[in-house]
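Have a look at the structure below before the remarks.
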Amino acid sequence: IYAWDREEKPLPANVRVNPYDPLDTIPVAGLTASSRQIANSTGGYESFVDVVWDEPDGAAKSIQIEVQEAGSDRWSTATDRFDASALGFTFRSVAGGATLNIRARYRMLSGAYGEWATTSVV
C-alpha cells in the first residue's frame, strides 16, 4: 500500500531500555573551596568559605555540605538539601586561619544520597 513498506531495516542490536534504578547516584564533580575575609561594621573581619561544584545532571535534586576542622573527628552540617543547580554555596567559617575539610554529596530525586566528595581550604 505504501512505498516505505517495501523497505526492511535491521533492528538495533539492543532494543531493551535500561531499567530505572532508584538507588543510582552520581558523584559531586569539580568540588572546590576558597576562603575570604570581609570587614564588618566594627572593624573586625569575618571569614567565609565559598564552595563550588560542576553542574550535575537532572537526577540530582539537592546537595549536602559538611565541614570539619582539620584534626577533629566531628563533622558539622553547613547545608542540607541546598539546590544542587545553584553551583555554589557560601558559609561562615568556624574559625579564621583554620584548615577545614569540606565534603559534599548529592541527594537524588529518588531520595538516595551519593558518595562524598572532599576538598580542603585554609
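Only a single criterion out of (1) among the small types (Gly, Ala, Ser); (2) at pLDDT 95 or above; (3) at positive phi is not satisfied by Gly71, namely (2).
Considering segment 36-67, and only residues there that are polar (S, T, N, Q) and at pLDDT below 95, the residue that is nearest to the chain's Cα centre (by Cα) turns out to be Ser47.
Only residues that are charged (D, E, K, R), closer than 18 Å to Val121 by Cα and in contact with a strand residue (DSSP E or B) (Cβ under 7 Å, 6 or more places away or on another chain) were counted in segment 53-94, giving 4. Considering (1) under 29 Å from Ala112 (Cβ atoms); (2) open to solvent by less than 40 Å² (accessible area, probe 1.4 Å), the lone condition that Ala29 does not fulfil carries the number (2). The residues of segment 96-122 that are within 23 Å of Ile38 (Cβ to Cβ), open to solvent by 60 Å² or more (accessible area, probe 1.4 Å) and aliphatic (A, V, I, L, M) amount to a single one, Val122. Criterion applied to Ser47, Ser35, Ser72, Ser85 was being without any contact (Cβ under 8 Å) to a residue 12 or more places away in the chain and open to solvent by less than 100 Å² (accessible area, probe 1.4 Å), and the one residue passing it is Ser72.
The values are calculated or read from the model by the stated rules, or taken from the named source; none is laboratory data. Note that this is a predicted model, so its numbers are computed, not measured. As a convention, Cβ positions derive from the backbone with ideal geometry for all residues, glycine included, and neighbour counts pool all protein chains shown. Note: accessible area is taken over every heavy atom of the protein model, side chains too, but ligands, DNA and RNA are not part of it. Shrake-Rupley method; radii C 1.70, N 1.55, O 1.52, S 1.80 Å.
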